[in-house]
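Q: Submitted below is the structure of interest, expressed as structure tokens.
What follows is calculated from the coordinates using simple rules that are stated; it is not laboratory data. What you are looking at is a predicted structure, and each value in this text was computed from that prediction instead of being measured. Quick reminder, even Gly has a Cβ in these numbers, built from the backbone with ideal geometry, and neighbours come from all protein chains shown.
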Amino acid sequence: MASGLFITFEGIDGSGKSTQARLLHERLSGAGTPAVLTREPGGSPGAEEIRALLLEGAPDRWSPHTEILLFTAARRDHMEKTIEPALNAGKTVICDRFADSTRVYQGVTRGDLRPSVDQLHSLMIGREPDLTFIIDIDPAIGLRRARARKGSEERFEDFGEDMQRRMRAGFLALASEFPDRCRVIDGDRAPGAIADDILAVTRAQPGLDT
Ligand code: TMP
């Protein structure tokens, strides 16, 4: 059986990427394409436990190096338990954040750790998505939306606008670094219009079984 498509959604906090991942899942499933919606950190029982370690508690709970190890450990479990079995069964996997988030959040914004992120990725994960949507939004809008959400996952919540700008630049730089798989999508529009664009790009992707 042919492997399914591996699609990821990336962007700064408050970009609307989770909504778009859900809408793509709904639309593909509605059209009869077997698809799995998942997220990082998390997406498998073990990785969800690691998510709680990463996203709850004091901001200085982990050093940047330890954080990279935890994100990569969660990703490895997620790959083994959720992503690879689904792809091998011919399903399309739609993942809300993946390794590009580690490249940007840990590699760019928390010191020059990108080489460590890349080395760990090739050692332990060794796979890139087929298609990555980077939902691009004004950092001030993203920050406003992120701050409006309340919850217990607050460890990374308040980077401030300057950090949001650096992360946005980091995602746009990644889009230039990986032009074959990355598509930058203007996120400052009605969710339905954004979802229409994303569906059109996805349908044009070789290997989608629709
Ligand atoms: P979420 O809000 O999209 O669920 O993501 C949770 C937070 O985790 C978000 O602030 C970004 C952060 N994050 C990283 O710092 N590195 C990573 O590798 C991933 C997947 C998320």
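Q: Given the structure, is residue 189 in contact with a Pro (Cβ under 6 Å, 6 or more places away or on another chain) and either more than 24 Å from residue 3 (Cα to Cα) or surrounded by 15 or more Cβ atoms within 10 Å (Cβ to Cβ) (or both)?
A: So residue 189 does not fit the description; no.
Q: Scan the range 9-23 for residues that are surrounded by 21 or more Cβ atoms within 10 Å (Cβ to Cβ) and not charged (D, E, K, R) and jot them down.
A: 9, 11, 12, 14, 15, 16, 20, 21
Q: Mind telling me which of the residues 90, 126, 170, 142 ends up being under 23 Å from residue 42 (Cβ atoms) and outside any helix (DSSP H, G or I)?
A: 126
Q: While we're on this one: Can you name every residue in the range 93-123 that is assigned to a loop (DSSP other than H, G, I, E, B) and within 15 Å of the ligand (Cβ to nearest atom)?
A: Matches in the range 93-123: 97, 98, 107, 108, 110, 113.
Q: List the number of the failed condition for residue 173; all other conditions in (1) of a type in the set (A, V, I, L, M, F, W, C); (2) closer than 21 Å to residue 68 by Cα; (3) out of contact with any Lys or Arg (no Cβ under 7 Å at 6 or more places or on another chain); (4) surrounded by 15 or more Cβ atoms within 10 Å (Cβ to Cβ) hold.
A: All conditions are met except number (4).
Let's see how each residue does on (1) without any contact (Cβ under 8 Å) to a residue 12 or more places away in the chain; (2) among the aliphatic types (A, V, I, L, M); (3) crowded, with 22+ Cβ neighbours inside 10 Å; (4) closer than 25 Å to residue 194 by Cα:
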residue	(1), (2), (3), (4)
2	no, yes, no, no
7	no, yes, yes, yes
32	no, no, no, yes
62	yes, no, no, no
66	yes, no, no, no
71	no, no, yes, no
81	no, no, no, no
87	no, yes, no, no
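Q: Here are 102, 132: which of them is in contact (Cβ under 8 Å) with a residue 40 or more places away in the chain and β-branched (Val, Ile, Thr)?
A: Of 102, 132, the one residue that is in contact (Cβ under 8 Å) with a residue 40 or more places away in the chain and β-branched (Val, Ile, Thr) is 132.
Q: Spot the failing condition for residue 163; the list is (1) under 18 Å from residue 18 (Cα atoms); (2) in contact (Cβ under 8 Å) with a residue 40 or more places away in the chain, and only one is missed.
A: (1)
Q: In the list 130, 100, 118, 77, which residue meets the criterion of being closer than 14 Å to residue 174 by Cα and surrounded by 18 or more Cβ atoms within 10 Å (Cβ to Cβ)?
A: 100
Q: If I go through the range 52-98 residue by residue, how many of them are under 23 Å from residue 167 (Cβ atoms) and either of a type outside the set (D, E, K, R) or in contact with a Ser or Thr (Cβ under 6 Å, 6 or more places away or on another chain) (or both)?
A: Going through the range 52-98 one residue at a time, the tally reaches 25.
Q: Just give me the residues in the range 45-72 being small (Gly, Ala, Ser) and under 24 Å from residue 3 (Cβ atoms), in sequence order.
A: Matches in the range 45-72: 46, 47.
Q: Does any residue of the range 149-164 turn out to be closer than 29 Å to residue 50 by Cβ, surrounded by 20 or more Cβ atoms within 10 Å (Cβ to Cβ) and not aromatic (Phe, Trp, Tyr)?
A: yes
Q: I'm checking my understanding of the structure. Among residues of the range 31-55 that are part of a loop (DSSP other than H, G, I, E, B) and away from the ligand (no atom under 11 Å from the Cβ), which one is nearest to the chain's Cα centre (by Cα)?
A: Looking at the filtered set, the residue picked out is 44.
Q: Limited to the range 1-30, what total is found for residues that are within 15 Å of the ligand (Cβ to nearest atom) and either part of a helix (DSSP H, G or I) or of a type in the set (S, T, N, Q) (or both)?
A: Matching residues across the range 1-30 total 8.
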